[in-house]
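Taking it in order: structure first as structure tokens, then the write-up.
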Amino acid sequence: MTTLTAAVSEKKSQKKVETHRQVRAFNGLAHVALVFWALVTAGPLIWVLLASFKSNTEIFLGEPFALPDSFSLETYFSAWNQAHIGRYFLNSVFVVAVSTAGTMLFGSMAAYVLARYTFPGNRVLYFLFVSGLAFPTFMALAPLFHILKNLGLLNSYIGLILVYIAYSLPFTVFFLAAFFRTLPHEIDEAATVDGASHTRKFFQIMMPMAKSGLVSITIFNIVGQWNQYLLPLVIMQGQGADQKWVLTQGIANISTQAGYHAEWSTLFAALTLSILPMIVVYAIFQRQIQAGLTAGAVK
Amino acid sequence: MRHGKYPFIIGFLAVPVALYATFVVAAYIQTFQLSVASWSGFGPIKYVGFDNFVKLWNDDLFWKSLRHNGYLLLLLPIVTIALGLLFAFLLNVGGGSKGGMTRGVWGSKFYRVIFFFPQLMALAIVAVIFGRVFASDKSGMINGLLPDSWAPWLFLADERWALTCILVVLVWQAVGFYVVLFSAGMGSIEHEIYEAAALDGATRVTLFFRITLPLLWGTIQTAWVYLGIAAFDAFALINIMTVDRGGPDGATSVLAMMIYRNTFEYSQVGYASALGVVLFFLTLTFAALTLRVTRRDAV
């Protein structure tokens with residue numbers, strides 16, 4: 001009996017050692033894989049930062065991660081002034097600020113009414129909005145261009161902003177309608193009994209209660225609209241359009257120009273200027289940003 | 001019953017519905033209308049029946065583009081989801097068990113922040129960066145890292161590799177999002193299940209395939225749909241990165257690129273709309289198929 005217990009416990013400890021070794025090996029491999037991907041992710045960005053200080057000759061020497069010979073901000077000045085990064089940046093800020101505000105206002109209004117009021121046509125409208133989620137913007141490119149042209153909104157901020165809002169509505173309505181549906185009906189009724197109007201109920205009671213959902217979807221829309229490339233490309237064309245370009249368009253254009261003039265370092269400085277603010281904002285709000293962007297995918 | 005319900009509903013829906021109807025619904029409907037027309041964008045519209053679709057059927061570039069769409073549609077989700085699951089598993093369960101608790105590896109928070117960052121960057125800016133990373137001389141990051149004695153790789157200028165480069169960039173950008181998404185899913189799996197399995201002597205590989213994967217099936221399905229839709233328009237990358245925009249020799253052309261060029265460069269709005277209609281049905285089929293194929297009983 002005792003020998004049996006001893007044998008069992010010996011076997012157990014042997015197994016423990018084995019598992020332990022297995023875990024250590026696994027742990028090691030896990031770290032190798034994770035460090036590898038971290039390098040793959042950060043590598044190109046560090047490379048861009050280094051190259052932004054280098055001269056063209058240095059860039060063509062082929063030592064991507066060597067430190068630059070000297071640090072000067074000259075390339076940054078030329079990116080800001082001659083390549084107009086500053087202007088494109090402000091254009092983006094302006095367009096995204098207005099259109100995100102508009103998206104949130106109109107999106108939450110529509111979502112609220114569709115989620116909490118019964119009226120004929122409610123389901124039809126809801127599905128009309130949500131069906132917009134399924135189809136790529138691409139398929140409607142030509143008609144969209146001509147609709148804007150007929151309305152005289154081509155190459156105008158208003159046109160771009162209205163289109164941003166319209167194309168952000170499907171997801172915003174879908175997400176917020178689900179959110180408004182979950183809010184308790186008791187408070188709603190109490191407010192009605194107290195004589196609050198529908199409008200007042202929406203702005204003073206429902207909006208504050210839906211705050212966490214509103215924050216998520218606001219982040220989602222800011223990031224999405226900031227990163228738009230196709231819509232501005234289609235809408236901001238014509239005479240004098242380059243004054244109104246947003247950042248993505250501007251940078252894409254610099255990259256073509258840089259090829260002709262062999263001014264790669266300006267391009268790298270422009271890229272760094274456009275990435276740095278994002279890194280700063282992300283460092284501060286990374287938790288909210290991750291939650292906001294993934295909120296749509298998890299029910 | 002309630003006072004002023006309908007004026008309120010109409011007041012709240014008017015602007016969002018008007019915007020959505022003008023810029024989204026009308027554009028989608030006109031795509032169908034224009035797909036049976038010959039129109040350059042100016043002058044009267046001439047209806048030509050199914051001519052555009054016949055022309056499509058005989059267009060080699062269309063079939064080539066369709067193949068490329070298929071390639072991205074298949075490989076982007078597979079590679080991204082596999083990497084996302086791997087890293088999420090390492091981050092959440094890879095750290096071995098202490099006191100019976102399975103944990104993530106050391107530094108998992110840090111990795112999650114780094115991996116996620118590319119998701120915040122505009123695809124257009126990512127495209128500009130990787131256009132330089134893949135440059136076919138020593139100024140490119142990868143060629144710069146290769147030994148001097150090697151002939152530089154052509155990457156984007158090589159018909160055989162250009163599309164794979166696009167795929168690599170799409171994966172690079174997307175993985176972090178799915179790491180965070182799958183991590184959230186894994187976080188909601190009860191620890192007791194892992195512990196019970198670990199006590200029964202299950203290895204990490206078994207844990208992954210027998211517990212994690214089945215319990216995450218719903219999230220993986222969502223991820224597949226998202227990535228599928230992302231794969232339909234790799235437009236920004238192809239427009240900015242590739243030789244001749246869709247080249248070399250059509251090696252990276254996709255339907256989105258064809259729609260854009262036919263609309264804005266060749267003034268073939270009818271033909272572009274026919275392509276849009278094809279894209280519409282492809283997206284619809286893809287979504288329906290995915291939901292059907294991946295349907296499983298809830299665990």
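The values are calculated or read from the model by the stated rules, or taken from the named source; none is laboratory data. Keep in mind that this is a model prediction, so the values were computed, not measured. Using ideal geometry, Cβ is built from the backbone for each residue, glycine included, and neighbour counts are taken over all protein chains shown. To get the accessible areas, we keep the full protein, side chains included, count just its heavy atoms, and leave off ligands, DNA and RNA. Shrake-Rupley method; radii C 1.70, N 1.55, O 1.52, S 1.80 Å.
Values for this structure:
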| quantity | calculated |
| --- | --- |
| Sites A:ILE187 and B:ALA26 - FRET efficiency at Förster radius 56 Å, r taken between beta-carbons, to 0.05 | 0.90 |
| Mean Kyte hydropathy of 0.0 or more with a Cα span along the axis of at least 27 Å, helices from DSSP in chain A | A:2-51, A:85-116, A:157-181, A:264-294 |
| Kirkwood hydrodynamic radius (C-alpha pairs) into Stokes-Einstein, segment A:216-299, 10 °C and 1.306 mPa s, D in µm²/s | 107 µm²/s |
| Nitroxide proxy distance, nm - points 7 Å out along Cα→Cβ at A:GLN204 and B:THR203 | 6.6 nm |
| Distance violations [Cα-Cα > 22 Å] among A:LYS149/B:LYS55; A:LYS149/A:LYS244; A:LYS201/B:LYS5 | A:LYS149/B:LYS55 |
| Among B:LEU282, B:LEU120, B:LEU13, residue whose mean-square fluctuation peaks in a GNM of chain B (springs only between Cα atoms under 10 Å) | B:LEU13 |
| Fluctuation leader among A:ASN56, A:ASN150, A:ASN221 - chain A, Gaussian network, Cα springs under 10 angstrom | A:ASN150 |
| Amide H contacts under 5 Å for B:ALA37, placed H, 5+ residues apart | B:VAL48 |
| Cβ neighbours within 10 Å from other chains - mean over A:60-67 | 5 |
| Loop chymotrypsin sites (Phe, Trp or Tyr not before Pro), segment A:26-74 (other Cβ atoms within 10 Å of the site Cβ: 13 or fewer; DSSP) | A:PHE65, A:PHE71 |
| Candidates B:PHE209, B:PHE89, B:PHE182, ranked by Gaussian network fluctuation over chain B, Cα under 10 Å, top entry | B:PHE209 |
| Size descriptor, Kirkwood hydrodynamic radius, that averages inverse alpha-carbon separations across segment A:73-296, Å | 19.6 Å |
| Förster radius 60 Å - calculated FRET efficiency between A:VAL130 and B:SER136 (Cβ-Cβ, nearest 0.05) | 0.85 |
| For segment A:37-140: rounded, prolate or oblate by the Cα gyration tensor [a/c cutoff 1.5] | prolate |
| Alpha carbon convex hull of segment B:59-294, projected area averaged over orientations, nm² | 15.5 nm² |
| Simple Cβ-charge dipole of the protein assembly as shown, Lys/Arg +1 and Asp/Glu -1, about Cα centre, in debye nearest 20 | 1500 debye |
| Candidates per trypsin sites (Lys or Arg not before Pro) in segment B:199-299, loop by DSSP, up to 16 other Cβ within 10 Å | B:ARG245, B:ARG295, B:ARG296 |
| Charged-residue dipole, Cβ positions (Lys, Arg, Asp, Glu), chain A about Cα centre, Debye nearest 20 | 1020 debye |
| Point-to-point label distance, B:ILE10-A:SER72, nm (Cα→Cβ direction, 7 Å offset) | 6.8 nm |
| Sparse-neighbour loop sites [chymotrypsin sites (Phe, Trp or Tyr not before Pro); segment A:173-208; at most 14 other C-beta within 10 Å; DSSP] | none |
| Relative intensity, log₁₀ I(q)/I(0), of the protein assembly as shown from a Debye sum that treats every alpha carbon as a point, q = 0.08, 0.12 Å⁻¹ | -0.64, -1.33 |
| Residue-normalised accessible area of the protein assembly as shown, expressed per residue, 1.4 Å probe, Å² | 47 Å² |
| GluC sites (Glu not before Pro), loop per DSSP, at most 11 other Cβ atoms within 10 Å - longest free stretch of chain B | B:1-189 |
| Contact order normalised by residue count of segment A:73-296, Cα under 8 Å, 6+ apart, percent | 36 percent |
| Span from the segment B:150-209 Cα centroid across to the segment A:184-210 one, whole angstrom | 45 Å |
